[in-house]
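The next block holds one structure in the form of structure tokens; read it before the comments.
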Amino acid sequence: MLHSPVLLEESIDFLITNPSGKYIDATFGRGGHSRKILESISKDGELLALDKDIEAIRFAEENFKENNFSIQHAGFEDIDSINTAKEADGILFDFGLCSTHYDNPSRGFSFNEAGPLDMRIDIRQPKKLEDFLQTSDAEELANIIYRYGDEKESRKISHAIIDSYKDGKISNTIDLAEVIKKSKTRFPKKIHPATKTFQALRIYLNNEINNLRIGLKKSKDLIKTGGRIVCISFHSLEDRSVKQSFAPKKISYPKEIPLNNEVIKEFKVVAKKIKPSASELQRNKRSRSAIMRVFEKI
Ligand SMILES: C[S@@+](CC[C@H](N)C(=O)[O-])C[C@H]1O[C@@H](n2cnc3c(N)ncnc32)[C@H](O)[C@@H]1O
């Protein structure tokens, strides 16, 4: 199944302020948002897309032939190293993974079909999930599962994973999901018992929260005054990091300096906590946790 873009109309309506401007889709995926951007800008407008996943780049090369479109195999945390990314009118971030990642078991993200212990978004990255499991211990793993998965049973799960892995009982993603399931005593109603742990491992392994913060920090510098940054998050950790990235800067002076503390506001909030409509939620189950925020450079 091809990926269904989330909050498509809403995000592009906020993003495009000038049809002949320069836009960046920092998370191309399968190009759902990029397609809509290209339909909304004129021939003088420009779209640069990025993705860390080589499969997304191949998809773009086959399906996006427009002269005003280009794509780079790069992480948005390195957006400042791309010459054409400067002075953009709008940058879109649609964080996380595409449905296509889960649908392809060979990438190691799926707990429904057996795949290797991989979970890398960028296959140029040397460290796979397997490498991590070889060197990790129960304490480190529990902290990761708790922090990035908000999983209350993180300790039980981490001990079960480390013990079973050492005993040679985890060699693919189904084995891993089964170990997680068996170690849990409380079962969520609507999701697979391994969902939170898989999410945590993926976020940790791909350094997702750190990259999000770096990508937003650099984008804030690259965007034009009046330009907008649109962020679509899928869990509270992402959304919190987005909010913090745009919080006004506070400068406080020591008592002996006769100056009032200052608040420096570089961005104004254009929209916050936008959620998918009822009809989108019905059409696309994956959209249920999406939250969009939009910021404009002052
Ligand atoms: C939710 S999908 C985007 C879907 C896209 N908006 C669409 O409509 O098809 C997120 C994409 O971001 C990519 N990605 C994840 N981390 C990244 C990073 N640090 N830099 C660039 N791309 C990243 C993933 O490979 C994935 O293709």
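Taken together, the values in this text are just the output of simple stated rules run on the coordinates, not laboratory data. This one's a predicted model, so the numbers in the text were calculated from it and none came from an experiment. Cβ: placed from backbone, ideal geometry, glycine included. Neighbour counts: every protein chain shown.
Results, tabulated for the structure shown:
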{"quantity": "Pairs beyond 28 Å (Cα-Cα), from 43/86; 249/272; 52/243; 36/265", "calculated": "36/265"}
{"quantity": "Dipole in debye (nearest 20) - the stretch 151-289, about Cα centre, beta carbon charges: Lys, Arg +1; Asp, Glu -1", "calculated": "560"}
{"quantity": "Most mobile of 24, 161, 251 in a GNM of the chain (Cα contacts under 10 Å)", "calculated": "251"}
{"quantity": "Over the stretch 71-118, relative contact order from alpha-carbon pairs under 8 Å, at least 6 apart, %", "calculated": "17"}
{"quantity": "Per-residue ³J(HN,Hα) for the stretch 253-263, Karplus 6.51 cos²θ - 1.76 cosθ + 1.60, θ = phi - 60°, Hz, x for Gly and Pro", "calculated": "9, x, 3, 6, 8, x, 10, 6, 4, 10, 10"}
{"quantity": "Distance in nm between pseudo-label sites at residue 250 and residue 78 (7 Å out along the Cβ direction from Cα)", "calculated": "3.7"}
{"quantity": "Set of lysines with alpha-carbon distance to residue 189 below 28 Å, sequence-local pairs under 8 removed", "calculated": "152, 156, 169, 181, 273, 275, 285"}
{"quantity": "Karplus-derived HN-Hα couplings along the stretch 64-75 (A = 6.51, B = -1.76, C = 1.60, θ = phi - 60°), whole Hz, x at Gly and Pro", "calculated": "10, 9, 4, 5, 8, 10, 9, 9, 10, 7, 8, x"}
{"quantity": "Residue 172 long-range amide H proximity, modeled H, under 5 Å", "calculated": "none"}
